[in-house]
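Values quoted throughout were computed directly from the atomic coordinates according to the rules given, and no laboratory measurement underlies them. Nothing here was measured: the structure is a model prediction, and the numbers come from that model. Here Cβ is always computed from backbone atoms with ideal geometry, including for glycine, and neighbour counts include all displayed protein chains.
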Amino acid sequence: MGKDLIKLVGGPTIQDQTMPNDIDMAKENAHKIVDFIADYYKTLQDLPVLSQVKPGYLSELLPDSAPQWPESLQDVLDDVHQKIIPGVTHWQSPNYFAYYPSNSSIAGFLGEMLSAGFNIVGFSWITSPAATELEVIVLDWLAKMLKLPNQFLSSGFGGGVIQGTASEAVLVAVLAARDKVLRKVGKEALNKLTVYASDQTHSSLQKACQIAGIYPENFRLLKADQSSNYSLDPEALSEAISNDLSSHFIPFFLCATVGTTSSAAVDPLRDLGKIAKENHLWFHVDAAYGGSACICPEYRHYIDGVEGADSFGMNAHKWLLTNFDCSLLWVKDRSALIQSLSTCPEFLKNKASQENAVVDFKDWQIPLGRRFRLWPLAHSLLSVFVSFHHYRTRTMATS
Ligand SMILES: *Cc1c(COP(=O)(O)O)cnc(C)c1O
């Protein structure tokens, strides 16, 4: 009956193109796409990095309403070539130097293909145990590579989770911290909660505070200038906190940055952490940009003092050879996140979750659904290790 229906509306071509169990057709088309991408990479270097089109260019090239009949893959690829590529800014071009590096890798890219093939929506353990367990394991590996304190590992009270972006990471940290303090002082004190960061901090913190209902007038961006290499001055922080305390505010959140957006400044984590601890602030470290470098022993010192942090975020999709989006967040107290973000409607109940035997990452993030992002990350990490090992053995053999 289904097949008849397809015939009725579109004839055999629609059926050929859409039947998901026509694996041979899928394979042939996938090969064509891979060839197309390979050709793109071959010519990438010669394309203008910044798209040269004018706003609205695409509506002149495409019809007003969706096409009634399917086109062949070749026609679609021709369209991509002629109409889409001119409107692309080429982030993977070797001549691309805007914003930050978005360095994927062959491993990262192939991992994405695997992930797309499985198309898992792994919000709780039962929806794909491998997705959750691999994420837990790989985030523990990475925490160890970064030499994060043991409290950030899944074996204790903490653990790591993949968020879409650093903006989501800081948002969930603010929410967890907000609710933790409000549980102590009472919900009506929301208008008293204050947040601290330097004026070099990424705007994602401001957005997180807006979403979390923090009063905009309680958002303290402390001036950082040349005298401190654009890092947050611990004395200025202490002073701001004291002033607020004497005016009966409730300081609750501090965000430090490792690698600020405008100048890659690094805030002094150790001193800031001490102040946060003395004043019972949640201390978040945003190392979205700089964090990946700290895996190298010679750069690890930039996160010295991370021991004092409650949460630490880093974007694997910036320097860690992983496709966008893959932002890593570790927390010391996962129960704080879960208390803020957990819901348990009837349709999500299952034995493993109810026995508290598993991690359900839906309770560590804003959305319910989540993709299997770990294929790219695990795959690129493994490839990096393998190439590093080869490199080492080869250089050792020749020296
Ligand atoms: C890139 C960056 C962000 C924002 O990244 P998204 O993942 O796009 O939200 C936040 N903070 C710092 C320091 C960054 O470098």
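Partner aspartates and glutamates whose Cα lies under 19 Å from the Cα of Lys184, excluding those fewer than 8 positions away in the same chain, are identified as Asp244, Glu278, Asp310, Asp333. The angle between the Cα long axis of helix 234-246 and the main principal axis of the chain comes to about 70°, on a 0 to 90 degree scale. Extension gain for Ala116-Gln354 works out to 82.7 nm (0.36 nm per residue, less the C-alpha to C-alpha distance). Of the residues Val359, His202, Gln82, the one whose Cα sits farthest towards the positive end of the charge dipole of the chain is Val359 (charges of +1 on Lys and Arg Cβ, -1 on Asp and Glu Cβ, taken about the Cα centre).
For the chain, the share of DSSP beta bridges that are antiparallel, to the nearest 5, is 40%. Fewest neighbouring Cβ atoms within 10 Å first, the residues Ile338, Ile241 line up as Ile338, Ile241. Report, to the nearest 10°, how far helix 166-185 tilts away from the longest principal axis of the Cα atoms in the chain, using its own Cα long axis and a range of 0 to 90°. Taking the Cα atoms of the chain, the angle to 166-185 is about 40 degrees.
Entry note, the chain: the mean residue ellipticity at 222 nm calculated from DSSP H runs of n ≥ 4, each adding -39500 (n - 2.57), is -13500 deg cm²/dmol after division by the residues and rounding to the nearest 500.
With each label modelled as a point 7 angstrom along the Cα→C-beta vector, the Glu346-Met145 pair spans 4.5 nm.
Magnitude of the charge dipole for the chain, about its Cα centre and with charges confined to Cβ atoms of Lys, Arg (+1) and Asp, Glu (-1), is about 900 debye. Taking a 21 Å limit on the Cα-Cα distance, which of the listed pairs Lys180/Lys332; Lys180/Lys277; Lys207/Lys277 fall beyond it? Too far apart for the 21 Å limit: Lys207/Lys277.
Cross-link partners for Lys349 among the aspartates and glutamates, with Cα-Cα distance under 17 Å and sequence neighbours closer than 8 places in the same chain left out: Asp360, Asp363. Report note on the peptides 27-36, 320-329, 292-301, 100-109: ranked by the mean count of other C-beta atoms within 10 Å, highest first, their order is 320-329, 100-109, 292-301, 27-36. In the chain, the longest principal axis of the Cα atoms and the axis of helix 106-118 are about 70 degrees apart.
Would you mind counting up the charge near Ser128? Only other residues with Cβ under 14 Å from its Cβ, with Lys and Arg at +1 and Asp and Glu at -1. Intermediate results must be reported in sequence, preceding the final value.
Numbers: positive: Lys362, Arg370, Arg371, Arg373; negative: Glu133, Glu135, Asp360.
Net of charged neighbours comes to +1.
Counted by neighbouring Cβ atoms within 10 Å, the residues Tyr215, Tyr289 run from fewest to most as Tyr215, Tyr289.
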